[in-house]
Amino acid sequence: QVLSDVFNAPVFTIDTANSACLGSAYRAIHGLVAEKNVSLADVVKLAPEPRLAVTPSPGAEELYRPLLKRYAELERKVIYNPASSC
C-alpha cells in the first residue's frame, strides 16, 4: 500500500515465488537480447498474468507529492555537487 500511495500508482503482483528475482531475470534476458532489438515487452510475454493488489489511498497524493519533490531536490544536490560526500 505504501508504494501505491507514495507513487500514486496501482501496484500489481504475480502469483509466483520470488517475483522480484523473476523480474530481475527478465531484465537480464532483455539485456542479453538487446542487440537484436527485442523489447522488454516481448521478453516478458510468457510471464504469469499480474493481478491488481492495491490502488492509491484517497488523499495520499496530496501528502506525498511535496515530499517526492523535496526528495528529488535533495537527490539532485547530492548527484550534481562534486564537493558532497556520501
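Scan the stretch 21-39 for residues that are of a type in the set (Gly, Ala, Ser) and assigned to a helix (DSSP H, G or I) and jot them down. Once the filter is applied, which keeps residues that are of a type in the set (Gly, Ala, Ser) and assigned to a helix (DSSP H, G or I), the stretch 21-39 yields 23, 24, 25, 28, 31, 34.
Looking only at residues in the stretch 43-58 that are open to solvent by 50 Å² or more (accessible area, probe 1.4 Å) and not aliphatic (A, V, I, L, M), the one that is farthest from the chain's Cα centre (by Cα) is 58. Restricted to the stretch 23-33, and to residues there that are of a type in the set (A, V, I, L, M, F, W, C) and open to solvent by less than 50 Å² (accessible area, probe 1.4 Å), the residue that is nearest to residue 11 (Cα to Cα) is 25.
Please indicate, with yes or no, whether at least one residue in the stretch 35-42 is under 14 Å from the mean Cα position of the chain (by Cα) and exposed (fewer than 13 other Cβ atoms within 10 Å of the Cβ). No: the stretch 35-42 contains no residue that is under 14 Å from the mean Cα position of the chain (by Cα) and exposed (fewer than 13 other Cβ atoms within 10 Å of the Cβ). Taking the criterion of being open to solvent by 60 Å² or more (accessible area, probe 1.4 Å) and in a loop (DSSP other than H, G, I, E, B), the residues of the stretch 72-86 that qualify are 81, 82, 83, 85, 86. Only residues that are open to solvent by less than 80 Å² (accessible area, probe 1.4 Å) and over 15 Å from the mean Cα position of the chain (by Cα) were counted across the stretch 1-16, and they come to 1.
Collect the residues in the stretch 40-71 that are assigned to a loop (DSSP other than H, G, I, E, B) and modelled with pLDDT under 90, keeping them in residue-number order. Step through it out loud before you land on a result.
Within the stretch 40-71, the first condition is being assigned to a loop (DSSP other than H, G, I, E, B), and the residues that meet it are 47-50, 55-59.
Across the stretch 40-71, the qualifying residues are 47, 48, 49, 50.
The values are calculated or read from the model by the stated rules, or taken from the named source; none is laboratory data. Just so we're clear, the structure is a prediction, and the values are computed from it rather than from any experiment. Using ideal geometry, Cβ is built from the backbone for each residue, glycine included, and neighbour counts are taken over all protein chains shown. Keep in mind that these areas ignore ligands, DNA and RNA; they rest on the heavy atoms of the full protein, side chains included. Shrake-Rupley method; radii C 1.70, N 1.55, O 1.52, S 1.80 Å.
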